[in-house]
Amino acid sequence: MTGEAFEVDLGSLTDFAAELTTQLGGMTQPLHLLESLVERQLRLGAFGEAHELGRRHGDALAELHTLVSQARDAIDFAKEVTVMVGDSYRGYDQRAAGALGGLTGAITGTVGSVAGTVLSIVDPKG
């Protein structure tokens, strides 16, 4: 470590994960449309050029479907990582808060005990 510090805004991580979820939802319809187009044969005529154009059209649709699927998978991966990082930091914050609460209780008990001892020395009748 070089002594550098950074801050993680859990609210921003949560918002980003929600936005990624929205983006995933928005990819469903285009993927279904591409699937339906890939499954249909484009009939442009009964001659060689038409068959070749139909085949190329089908190939282009299949490639586009693959690319959109890969983009969806990348967004899903980013969402999963974002949620995992947020959950990890949230858990760390909760554990740190619990440890600080226990430390505060211990210090309060010690200070109270020391204060009682000092008062009994200063004012033994107290």
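Quick notes
- For Gln41: the one exception among (1) more than 30 Å from Met84 (Cβ to Cβ); (2) in contact with a helix residue (DSSP H, G or I) (Cβ under 7 Å, 6 or more places away or on another chain); (3) part of a helix (DSSP H, G or I); (4) not hydroxyl-bearing (Ser, Thr, Tyr): (3)
- Members of the stretch 1-16 found to be surrounded by fewer than 10 Cβ atoms within 10 Å (Cβ to Cβ) and in a helix (DSSP H, G or I), listed by number: Gly11
- Qualifying position, being basic (Lys, Arg) and within 30 Å of Gly91 (Cα to Cα), among Arg56, Arg72, Arg43: Arg72
- Matching residues, the stretch 26-36, being over 9 Å from Ala62 (Cα atoms) and assigned to a helix (DSSP H, G or I): Gly26, Thr28, Gln29, Pro30, Leu31, His32, Leu33, Ser36
Let's see how each residue does on (1) over 31 Å from the mean Cα position of the chain (by Cα); (2) surrounded by 14 or more Cβ atoms within 10 Å (Cβ to Cβ); (3) modelled with pLDDT of 90 or more:
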residue	(1), (2), (3)
Ala18	no, no, yes
Thr21	no, yes, yes
Glu39	yes, no, no
Glu49	yes, no, no
Gly54	yes, yes, no
Gly58	yes, yes, no
Leu67	no, no, yes
Gln70	no, no, yes
Phe77	no, no, yes
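- Among (1) among the small types (Gly, Ala, Ser); (2) touching a helix residue (DSSP H, G or I) at 6+ places or on another chain (Cβ under 8 Å); (3) not in a helix (DSSP H, G or I), the one test that Ala46 misses: (2)
The values are calculated or read from the model by the stated rules, or taken from the named source; none is laboratory data. The model shown is predicted, which means the values in this text are computed figures rather than measured ones. Because the Cβ atoms are built from the backbone with ideal geometry, glycine has one as well, and the counts that use them run over all protein chains shown.
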